[in-house]
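Just below is one structure, and these are the notes that go with it.
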Amino acid sequence: MSQANPFRLFVTHAWAASDDYLRVFEYLESSQNFFYRNHSTPEVRPGGDKEALREDLRRQIGPVEAVIALSSLFETDKDLLTFQLLFAQAGKKPVILMKPFGNAKSAPKSILDLASEVVDWDQRALVDAIRAHARQERTGRWDTIEFKLD
């Protein structure tokens, strides 16, 4: 993966850039040597009925390699989130579900079943999940813990 070949990502949204939506990009931007292209456009809400909205979401999700799903969206627009996840699944796109931010509450089972992987709000876990599911790249990273013996 390089700047010339960035990951193509879609982050679920309900036609508004929520705090969780923006937080995903803070995490991705802070990761070294990780290049991506955002295909989601929550700021450009198409006119028309419910089907026009869904068609625009299909257009956004179509070219991506992975979908990052925000479980917080379930509270605000359950049907829209479910549609986005089902369309991603139908297109064989991996879905990386972000757990609810800041609390111990788990994501609802109905969306857990649609996810390829569920990750905590951790920059490294998110990037590793994207690499693994989008391009089958294994990072092989591990943590080193040093103990001082007295």
- Message: For segment 134-146, check the following and say yes or no: at least one residue is surrounded by 18 or more Cβ atoms within 10 Å (Cβ to Cβ) and in contact with a strand residue (DSSP E or B) (Cβ under 8 Å, 6 or more places away or on another chain).
- Response: yes
- Among the residues of segment 111-120, is any assigned to a helix (DSSP H, G or I) and either within 13 Å of the chain's Cα centre (by Cα) or among the hydrophobic types (A, V, I, L, M, F, W, C) (or both)? yes
- Here are Ala66, Ala88, Ala132: which of them is over 19 Å from Glu29 (Cα atoms) and modelled with pLDDT of 90 or more? Ala88
- For helices (runs of 4 or more DSSP H) lying entirely in segment 32-100, having 1 or more residues that are within 21 Å of Ala125 (Cα to Cα) and of a type in the set (A, V, I, L, M, F, W, C) picks out 73-76, 78-90
- Kindly indicate the residue of segment 65-93 that is under 25 Å from Asn5 (Cα atoms) and β-branched (Val, Ile, Thr) and also surrounded by the fewest Cβ atoms within 10 Å (Cβ to Cβ) among those meeting that condition. Ile68
- Item | All positions within segment 39-64 that are buried (at least 17 other Cβ atoms within 10 Å of the Cβ) and in contact with a Leu (Cβ under 7 Å, 6 or more places away or on another chain) | His39, Val64
- Message: Just the residues that are of a type in the set (A, V, I, L, M, F, W, C), surrounded by 13 or more Cβ atoms within 10 Å (Cβ to Cβ) and under 27 Å from Arg124 (Cβ atoms), please, taken from segment 1-21.
- Response: Met1, Phe7, Leu9, Phe10, Val11, Ala17
- Task: Would you mind stating whether Val24 is of a type outside the set (Phe, Trp, Tyr), crowded, with 17+ Cβ neighbours inside 10 Å, in contact (Cβ under 8 Å) with a residue 40 or more places away in the chain and not in a helix (DSSP H, G or I)?
- Result: no
- Within segment 121-131, tally of residues that are assigned to a helix (DSSP H, G or I) and either touching a residue at least 24 places away in the same chain (Cβ under 8 Å) or under 25 Å from Arg58 (Cβ atoms) (or both): 7
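The values are calculated or read from the model by the stated rules, or taken from the named source; none is laboratory data. Everything quoted here is computed from the prediction, not taken from an experiment. Don't worry about glycine lacking a Cβ; one is built from the backbone with ideal geometry, like all the others, and counts go over all protein chains shown.
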